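The values are calculated or read from the model by the stated rules, or taken from the named source; none is laboratory data. Since the model is a prediction, treat every value here as computed from it, not as a measurement. No Cβ is skipped: glycine too gets one built from the backbone with ideal geometry, and neighbour counts run over all protein chains shown. Just the protein is used for accessible areas: all its heavy atoms, side chains included, with ligands, DNA and RNA removed. Shrake-Rupley method; radii C 1.70, N 1.55, O 1.52, S 1.80 Å.
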Amino acid sequence: MILNADFHIHSPFSMAASKKTTPKSLLYSCSIKGIDILGSGDALHPVWRKMWENCTDIPESISIVPTAEVEGKSKVHHLVLMDDFSQAEEISEKLEPYSSNLKKAGRPNIAAGGEKIAEIVHDCGAYVGPAHAFTPWTGMYGRFKSLHECYGEQAPDFLELGLSADTSYGDRIPELNGIPFISNSDAHSPLLDKLGREFNRIDSKSKSPVDVINAVLSGSIVLNAGFFPEEGKYNRTACTRCYRHYSFDEAEKYGWRCTVDSGIIKEGVYDRSQFKSTGEKSLRPPYLHIMPLLDIIREVLGLSSVSAKKCKNLYFQLIEELGNEISVLTDVSIKDISGISPDVGMAIDKFREEKIVLHPGGGGMYGSFDL
């Protein structure tokens with residue numbers, strides 16, 4: 001069966017996460033978005049884990065895969081996929097000697113390197129890989145030159161691309177051949193413009209966590225979907241203060257200090273991936289560049305916020321008449337969409353055909369697009 005999956009989210013116990021996040025609110029948003037498989041997020045946190053274990057409102061149409069993100073040494077983030085919540089409890093117990101906030105923080109700090117974290121995860125029968133691998137501050141490639149330098153003899157099971165990268169950023173890196181790429185929202189709230197903003201479409205035997213994870217690891221991902229990398233806030237090399245863009249050679253020439261305000265110049269994901277791309281393009285599923293439907297409607301209507309009544313009204317009209325959001329973005333005919341809103345139909349068609357004008361982000365400022 002073909003399933004839409006978002007494995008990486010956060011609970012209200014994570015930093016900068018919405019306190020309104022609950023299993024119920026997440027499940028509601030999944031039903032609207034068209035998410036069939038949802039990562040629990042923060043499964044190492046005892047209270048959040050219990051909230052999921054005690055949840056009686058999970059519909060048959062949605063399956064929960066226990067997942068967690070941890071921050072290891074060098075501030076590198078790692079994503080963990082588990083078959084069940086008992087694995088999460090076991091991993092938590094084994095990581096506790098390395099952490100002072102494991103039972104307090106949704107995304108705990110672990111005083112161990114990638115190899116040790118992966119060893120513990122693997123010993124418990126679970127799976128691990130770098131989270132948002134290309135982001136400069138907490139991504140693996142922002143801190144290490146290679147997978148082996150980070151994970152040693154404990155090879156990662158997958159790699160999460162992150163909001164600032166797509167398949168093209170990793171598919172020419174030789175050491176990533178054979179490693180599945182996953183794309184997830186990293187949502188810190190259940191809001192409809194955050195949850196499922198990036199997702200995976202997988203071909204799985206069933207919706208059980210075991211079968212879903214096996215589908216990921218066996219290469220049964222048939223589509224990755226998410227932002228244009230240029231929309232990420234660290235896509236291009238830029239000053240972290242005034243956001244002026246620099247080429248890599250210019251940044252090197254100026255000692256990674258901005259010539260305008262002496263701010264720090266941060267190397268962008270694009271430049272980092274280009275230096276590592278030395279191999280041939282590998283065989284990967286297609287990557288669909290798309291935006292949340294609410295953001296598309298906001299842009300089309302010329303509104304300042306997705307919370308505007310006019311924006312929400314058109315959004316729910318499209319959902320009620322055409323189906324869930326992912327279907328509208330990927331599968332529903334442009335003719336049917338245009339029957340409700342010609343402008344939204346035209347915009348989605350441009351996204352599908354990749355005829356969008358992009359303004360790359362950098363230095364901490366998100367990029368933007370024009371229709």
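Details
- The residues of the range 247-267 that are aromatic (Phe, Trp, Tyr), within 22 Å of LYS145 (Cα to Cα) and assigned to a loop (DSSP other than H, G, I, E, B) amount to a single one, TRP256.
- Matching option when the condition is loosely packed, with under 15 Cβ neighbours inside 10 Å, among the β-branched types (Val, Ile, Thr) and out of contact with any Ser or Thr (no Cβ under 6 Å at 6 or more places or on another chain), among ILE35, ILE2, ILE9: ILE2
- When ASN184, ASN235, ASN224 are checked against the criterion of being touching a His at 6+ places or on another chain (Cβ under 6 Å) and either closer than 20 Å to ILE9 by Cα or open to solvent by less than 10 Å² (accessible area, probe 1.4 Å) (or both), a single residue qualifies: ASN184.
- Filter result for ASP57 (within 25 Å of ILE326 (Cα to Cα) and at pLDDT below 95): yes
- Only a single criterion out of (1) in a helix (DSSP H, G or I); (2) open to solvent by less than 20 Å² (accessible area, probe 1.4 Å); (3) not hydroxyl-bearing (Ser, Thr, Tyr) is not satisfied by HIS148, namely (2).
- Hits in the range 211-238 - residues which are part of a loop (DSSP other than H, G, I, E, B), small (Gly, Ala, Ser) and under 15 Å from the mean Cα position of the chain (by Cα): GLY232
Residues checked against (1) more than 17 Å from LEU217 (Cα to Cα); (2) in contact with a helix residue (DSSP H, G or I) (Cβ under 9 Å, 6 or more places away or on another chain):
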{"site": "GLY34", "(1), (2)": "yes, yes"}
{"site": "CYS55", "(1), (2)": "yes, yes"}
{"site": "VAL70", "(1), (2)": "yes, yes"}
{"site": "LYS75", "(1), (2)": "yes, yes"}
{"site": "LEU81", "(1), (2)": "no, yes"}
{"site": "SER86", "(1), (2)": "yes, no"}
{"site": "GLY113", "(1), (2)": "yes, yes"}
{"site": "ALA118", "(1), (2)": "no, yes"}
{"site": "TYR127", "(1), (2)": "no, yes"}
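- Qualifying positions in the range 167-190 - assigned to a loop (DSSP other than H, G, I, E, B) and modelled with pLDDT under 95: GLY170, ASP171, ARG172, ILE173, ASN177, GLY178
- Residues satisfying the stated conditions in the range 251-274, i.e. open to solvent by less than 30 Å² (accessible area, probe 1.4 Å) and polar (S, T, N, Q): SER273
- Qualifying positions in the range 191-210 - open to solvent by less than 40 Å² (accessible area, probe 1.4 Å) and in a helix (DSSP H, G or I): PRO209
- Taking the criterion of being of a type in the set (A, V, I, L, M) and either free of Cβ contacts under 8 Å to residues at least 40 places away in the same chain or touching a Leu at 6+ places or on another chain (Cβ under 8 Å) (or both), the residues of the range 347-363 that qualify are ALA347, ILE348, ILE356, VAL357.
- Residues in the range 112-145 that are part of a loop (DSSP other than H, G, I, E, B) and under 17 Å from ALA5 (Cβ atoms) were compared, and the one that is most open to solvent (accessible area, probe 1.4 Å) is HIS132.
- Every listed requirement among (1) farther than 27 Å from ILE2 by Cβ; (2) surrounded by fewer than 23 Cβ atoms within 10 Å (Cβ to Cβ) is met by HIS78 save one, (2).
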